[in-house]
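Report on one structure; see the data block that follows.
Read-outs throughout are calculated quantities, based only on the coordinates presented, and are distinct from any laboratory measurement. Please read all numbers here as calculations on a predicted model, not as lab measurements. For neighbour counting, all protein chains shown are included, and Cβ atoms are generated from backbone atoms with ideal geometry for every residue, glycine included.
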Amino acid sequence: MTFAPVLDQGPGTIPAGSAPVGGPDLPQERRLVTEIPGPLSREMLARKAAAVPNGVGVTLPIAVVAAGGGVVVDVDGNSLIDLGSGIAVTGVGNAAPEVVAAVTEQVARFTHTCFTITAYDGYIRVAEALNRLTPGDHEKRTALFNSGAEAVENAVKIARAYTRKQAVVVFDHAYHGRTNLTMAMTAKSMPYKSGFGPFASEVYRVPLSYPFRDGGLSGAEAAAAAISQIEKQVGASNLAAVVIEPIQGEGGFIEPALGFLPALAAWAKDNGVVFVADEIQTGFSRTGHLFASEHEGLVPDLITTAKGIAGGLPLSAVTGRAEIMDAAHAGGLGGTYGGNPVACAAALASIDLFENGGLTERAREIDVVLRGALDALRAVDDRVGDVRGRGAMMAIELVDPATGAPDAALTARIAAFAHANGVVLLTCGTYGNVIRFLPPLTISDDLLREGVRVVGEALAANPL
C-alpha cells in the first residue's frame, strides 16, 4: 500500500481519498513495506522542518494517515503496532465508531458558541457524568477546559480561592504540564523547563515514594518523610494544595508504595489542605479502574482529567467537592474553547464506552498479558531492573545490572530498534531509562505480545 504525493500541493501531500479509513476495521497487523521512515514520510517531515519550529519534536519519524484498533498506518503503507495511544489519549481507539457518530452529529448542529456566553446541553452532561463517576459520593461540581495543563492550573486556582492560601506542594519526578505554573510544578528540566524560566513562585517539591529506588521504605514511612518536609519547609498554614499523580506518568510510571497516598490525603484533610489527584494520564480505565485513585479507595478533594476523556479531541476537566469548586467568583473560571461542544460530544460517547463497553475490564486483561510478557523479559535479562504499573499503563526500568544505575543510552537504543521494526514505543522517566507501554484498550493480545517480542529482540541486539 503506497500513497502518491500531489506535487502541486507540495511533496508528500496525501491526495483526497487515497488514504485508508481509520478505525477498528484496519488490518490488525505489523506490516513493513518500506524502511522506517519511508520515502513519503521523509518528504512530509522535510515539509514539517520547513514549516514547524524545532521545539515541536517528533519522536517517531513517520507521517500517519490512518489508525485504529492497535495499529497506526503511515503514508508509505507501513502498519505499526501502537503501544503509545497518543500518550494515553486514544483509550477507546483512534476512530471509535461511537465517537465518530457523536462528533459528526454535533458538527452538523454547531461547532461552537462559547459556554460562558451561551450554555448548551453537552457541557452540562459531561459535568454530570464526571460528578457521578469520580471517586466519592459527596456533592460535586465540574468545570471543563482544553488541556491537562489547563486543568491543573485551574485546580490550583480553585484551591487557592477556597483556602485563601498560596503554597502548592508537588513531588519528585512529577509532570503536570508546560504552562508557566505547571512547568514550575513539573520536576524534569529537559525537555520541559530548560531555558523557559523564571517560573511561578510558591511551588515546593518533596520526596515521592519510589519503591525501586528509595531503599525499601514502606508507604507509611515515605509519607511520613514527605509530610515532615512539608511541615518544616512550607507549613500547613501556608499550603493551599497537595497535587500528585496516583501513578506518575512522564516521571517514569512510578507507583507509590501502598499507604503513601492515603496517608498524604489524611494529613491534608486534617490540616485544611486541598488534596488534588492529577489523573490526566491515569484516568478513564487506563489502570484497570475508571480512576487510579480507586485502587486504594482514595477520595480526592479535586481530580483533574484530560487525555482519554474524549477519544482524541481536546478536553479536560476539574471535578471536586462542591464547596471547593464554588469558591471561585463568577467569571473566574472558563475560557473561549473550554468544553467545546464537539469535544463534549466525543467525551459523552467515550465515557459511555468506558462505563458500559467493557474497556475497564479490558485494561485488566491487558495488565495480565503485559505483566506476564514483561516479567518474562526480566527473568532472562537483568538489565530489566523493574516491571511496574497497572492495567494498560505498564513500564520497565532499564539499568546497569552491576550498579543499578539508570541506563538511558540502552533505553534510547531499544526505542530506536522498536521504531525501525514497526512498533510505536515511548520512553519516560527523570533519568530517561524507562520504557512505557500505553496501548489503546482496543488492542489485541496478539499485537501486545508481538510488540513486547520486538522489545526482547531489541535487548538481544544490544548485549552487554
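Could you give the length gained by full extension between R413 and A101, i.e. 0.36 nm per residue of separation minus their alpha carbon distance, to one decimal place? Working shown, then result.
On the way: separation 312, 0.36 × 312 = 112.32 nm, distance 4.08 nm.
Contour length minus the Cα-Cα distance gives 108.2 nm.
Dipole check for region 76-181: with +1 at the C-beta of Lys and Arg, -1 at the C-beta of Asp and Glu, and the Cα centre as origin, the magnitude is about 640 Debye.
Beyond 28 Å in Cα-Cα separation lie the following of the pairs K165/K188; K232/K307; K48/K157; K140/K193: K232/K307; K48/K157; K140/K193.
Normalising the average separation of contacting C-alpha pairs (under 8 angstrom, six or more residues apart) by the number of residues puts the relative contact order of the chain at 20 percent. In this structure, A220 and A402 have a Cβ-Cβ separation that, at R0 = 25 Å, corresponds to a calculated FRET efficiency of about 0.20. For region 99-356, the Kirkwood estimate of hydrodynamic radius, built from reciprocal distances between every pair of different alpha carbons, is 18.5 Å.
Remind me, relative contact order of region 99-356 in percent, using alpha carbon pairs under 8 angstrom and six or more residues apart?
Working: 518 pairs, mean separation 79.5, N = 258.
RCO, region 99-356: 31 percent.
Taking a Cβ cut-off of under 14 Å around N238, the surrounding Lys, Arg, Asp and Glu residues balance to a net charge of +2, with basic ones at +1 and acidic ones at -1.
Specify whether the C-alpha gyration tensor of region 193-302 places it in the rounded, prolate or oblate class, a ≥ b ≥ c being the square roots of the eigenvalues: rounded for a/c under 1.5, otherwise prolate if a/b is larger than b/c and oblate if not. The shape class here is rounded.
Got a sec? Charge dipole of the chain, +1 on Cβ for Lys and Arg, -1 for Asp and Glu; which of G456, Q248, S285 is way out at the positive end? Result: Q248, furthest along the dipole toward the positive end.
Among 176-183, 43-50, how do they line up by average Cβ neighbours within 10 Å per residue, starting with the highest? Don't jump to the answer; show the numbers that get you there.
On the way: 176-183: 21.5, 43-50: 15.2.
Taking the mean over residues of other Cβ atoms within 10 Å, the ranking is 176-183, 43-50.
For T116 and E361, a Förster radius of 45 Å and the Cβ-Cβ distance give a FRET efficiency of 0.75, rounded to the nearest 0.05. You can think of it this way: the chain between V52 and F196 has 49.9 nm of extra reach, that is 0.36 nm per residue less the Cα-Cα gap.
Positive end of the dipole of region 99-356, charges at C-beta (+1 Lys, Arg; -1 Asp, Glu), about the Cα centre: which of H138, S189, T111 has its Cα farthest in that direction? Selected residue: S189.
A simple charge model with +1 on the Cβ of Lys and Arg, -1 on the Cβ of Asp and Glu and nothing else charged puts the dipole of the chain at about 920 debye relative to its Cα centre. Charges were assigned to the Cβ only: +1 to each Lys and Arg, -1 to each Asp and Glu. The resulting dipole of region 131-238 about its Cα centre is roughly 300 debye. May I ask you to work out the translational diffusion coefficient for region 140-253 at 20 °C, viscosity 1.002 mPa s, via Stokes-Einstein with Rh from the Kirkwood sum over Cα pairs, reported in whole µm²/s? In µm²/s, the coefficient is 144.
Tell me the mean residue ellipticity at 222 nm calculated for the chain from its helices only (DSSP H runs of n ≥ 4, each -39500 (n - 2.57), averaged over every residue, nearest 500).
Per the formula, -11000 deg cm²/dmol.
Take the convex hull of the alpha carbons in region 273-328; its mean projected area over all directions comes to 4.3 nm². Going from the fewest other Cβ atoms within 10 Å to the most, the residues I117, I247, I81 appear in the order I117, I247, I81.
Under the 0.36 nm per residue contour assumption, what length would be gained going from the current alpha-carbon distance of D446 and D25 to full extension? Before the final figure, lay out each step's value.
Details: separation 421, 0.36 × 421 = 151.56 nm, distance 1.61 nm.
The span from D446 to D25 would gain 150.0 nm if fully extended.
Remark: spin-label model distance E139-S228 equals 4.2 nm, labels positioned 7 Å along the Cα→Cβ axis.
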